[in-house]
Ligand SMILES: Nc1nc2c(c(=O)[nH]1)N[C@H]1C(S)=C(S)[C@@H](COP(=O)(O)O)O[C@H]1N2
Ligand SMILES: [Mo]
């Protein structure tokens, strides 16, 4: 069992970035002085200064489900803030790992809206700051596994995607959720050609509706208690920790409920190599990379990759009866 149950992690363990950075042993460190809701305070100060919430726990988001709070990883050290924010994949800003941290700084991330539309009873365009008032961001410490064979442990701040979807009231014929990244030159997102990037814009991704409603599927707005930096997909990006990293689409502007499996960027680029599901699966090698092991950024050597990136207990049931070698 690799996920902590609610209550096992004190919110005081998730305080600010300086505390994280000074802690060698991330999850097992001595308890800090109790400063309940420290993250919430830091978060509100930085992202939504106009909101004053006396008692965050009293706020119940519409459509909220009983998602466990503060899920984390016992015994796995978080990747440093430095690494998480400088070693990135964000092809809109270049195809090497270090360009996004430099080049994405010009991206205009406010004002920013996220449209929720398609097969829903209540379509709506949300301002991103409205989203974080409706759905209080929580600490979510997840493994993150790129199909290229590297991995991190990232302390996200976010809220369950499912809460937003339920608020929109999906219709009975909605079976999938399609996501789209901003593609607006006014936001200073460069027009890297398909030849340069291998991808067509906008970057698009998708989930089956039941995957999207799973409480592990997160819309992240922060890392290490601070707002997302542009290179990590500011101001809001998807995080699906049991799937390869490319499913976790950045800088989302549209979430559309649809009936048929939507196109996804890497599958469009190469359907032999990148399937729609792309669950982390050490038994299905990529045509060019074994998926049995991974390089945890900041560690020496390689470690074995667990099925579903270690979240099998939580999500394997979504795929009962499916041959995951065929539906890769
Ligand atoms: N819009 C967009 N989203 C994206 C990508 C991208 O190029 N463009 N790269 C994906 C890939 S391959 C990975 S591994 C993760 C990297 O997220 P990180 O840089 O925050 O670690 O973002 C994913 N989301
Ligand atoms: Mo990736």
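The values are calculated or read from the model by the stated rules, or taken from the named source; none is laboratory data. Quick caveat: nothing in here was measured; it's all calculated off a predicted structure. Note: ideal-geometry Cβ built from the backbone for every residue, glycine included; neighbour counts use all protein chains shown.
Of the conditions (1) out of contact with any helix residue (DSSP H, G or I) (no Cβ under 6 Å at 6 or more places or on another chain); (2) away from ligand 1 (no atom under 13 Å from the Cβ); (3) at pLDDT 95 or above; (4) more than 24 Å from residue 114 (Cβ to Cβ), residue 288 fails just one. Which one is it?
Residue 288 satisfies every listed condition except (3).
Which residue pairs have Cβ atoms under 9 Å apart, sit 6 or more places apart or on different chains, and have a first residue in the stretch 120-133 that is at positive phi and surrounded by fewer than 18 Cβ atoms within 10 Å (Cβ to Cβ) and a second that is part of a helix (DSSP H, G or I) and at pLDDT 95 or above?
No pair meets every condition.
Any residue at all in the stretch 253-260 that is surrounded by fewer than 16 Cβ atoms within 10 Å (Cβ to Cβ), more than 16 Å from ligand 1 (Cβ to nearest atom), modelled with pLDDT of 95 or more and over 17 Å from residue 160 (Cα atoms)? Can you show your working first?
So the first thing to find is which residues in the stretch 253-260 are surrounded by fewer than 16 Cβ atoms within 10 Å (Cβ to Cβ), and the list is 259-260.
From the residues that got through so far, the ones that are more than 16 Å from ligand 1 (Cβ to nearest atom) too are 259-260.
Filter once more, keeping what is modelled with pLDDT of 95 or more: 259-260.
Checking which are over 17 Å from residue 160 (Cα atoms) leaves us with 259-260.
Yes, the stretch 253-260 contains at least one residue that is surrounded by fewer than 16 Cβ atoms within 10 Å (Cβ to Cβ), more than 16 Å from ligand 1 (Cβ to nearest atom), modelled with pLDDT of 95 or more and over 17 Å from residue 160 (Cα atoms).
Go over the candidates 145, 208, 140 one by one and state the one that is touching a helix residue (DSSP H, G or I) at 6+ places or on another chain (Cβ under 9 Å), within 24 Å of residue 243 (Cβ to Cβ) and buried (at least 22 other Cβ atoms within 10 Å of the Cβ). Before the answer, list the steps.
Details: 208 fails: buried (at least 22 other Cβ atoms within 10 Å of the Cβ); 140 fails: touching a helix residue (DSSP H, G or I) at 6+ places or on another chain (Cβ under 9 Å).
Result: 145 is the single residue among 145, 208, 140 that is touching a helix residue (DSSP H, G or I) at 6+ places or on another chain (Cβ under 9 Å), within 24 Å of residue 243 (Cβ to Cβ) and buried (at least 22 other Cβ atoms within 10 Å of the Cβ).
Applying the selection to the stretch 230-249, what residues are within 6 Å of ligand 1 (Cβ to nearest atom), under 12 Å from residue 146 (Cβ atoms) and touching a helix residue (DSSP H, G or I) at 6+ places or on another chain (Cβ under 9 Å)?
246
Of all the residues that make up the stretch 264-288, how many are surrounded by 14 or more Cβ atoms within 10 Å (Cβ to Cβ) and touching a residue at least 40 places away in the same chain (Cβ under 8 Å)? Reasoning before the result, please.
Just the residues of the stretch 264-288 that are surrounded by 14 or more Cβ atoms within 10 Å (Cβ to Cβ), to begin with: 264-267, 269, 273-282, 284, 286.
If we keep only those that are touching a residue at least 40 places away in the same chain (Cβ under 8 Å) as well, we get 264-266, 269, 274-281, 284, 286.
Summing the residues that are surrounded by 14 or more Cβ atoms within 10 Å (Cβ to Cβ) and touching a residue at least 40 places away in the same chain (Cβ under 8 Å) in the stretch 264-288 gives 14.
If you check residue 162 against the conditions, is it within 14 Å of the chain's Cα centre (by Cα), outside any strand (DSSP E or B) and surrounded by 21 or more Cβ atoms within 10 Å (Cβ to Cβ)? Quick ask: steps written out before the conclusion?
Details: within 14 Å of the chain's Cα centre (by Cα): yes; outside any strand (DSSP E or B): yes; surrounded by 21 or more Cβ atoms within 10 Å (Cβ to Cβ): yes.
When the stated conditions are applied, residue 162 passes them.
Results for (1) within 10 Å of the chain's Cα centre (by Cα); (2) within 16 Å of ligand 2 (Cβ to nearest atom); (3) farther than 16 Å from residue 204 by Cα; (4) part of a loop (DSSP other than H, G, I, E, B), shown as yes or no for each residue.
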site: 253; (1), (2), (3), (4): no, no, no, no
site: 257; (1), (2), (3), (4): no, no, no, no
site: 261; (1), (2), (3), (4): no, no, no, yes
site: 266; (1), (2), (3), (4): no, yes, no, no
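Which residues, counting only those in the stretch 238-251, are over 24 Å from residue 124 (Cα atoms) and either outside any loop (DSSP other than H, G, I, E, B) or within 11 Å of ligand 2 (Cβ to nearest atom) (or both)? Can you show your working first?
Here is the first cut: in the stretch 238-251, the residues over 24 Å from residue 124 (Cα atoms) are 241-246.
Across the stretch 238-251, the qualifying residues are 243, 244, 245, 246.
What number of residues within the stretch 76-104 satisfy the criterion of being in contact with a strand residue (DSSP E or B) (Cβ under 8 Å, 6 or more places away or on another chain), buried (at least 19 other Cβ atoms within 10 Å of the Cβ) and either free of Cβ contacts under 8 Å to residues at least 40 places away in the same chain or not in a loop (DSSP other than H, G, I, E, B) (or both)?
3
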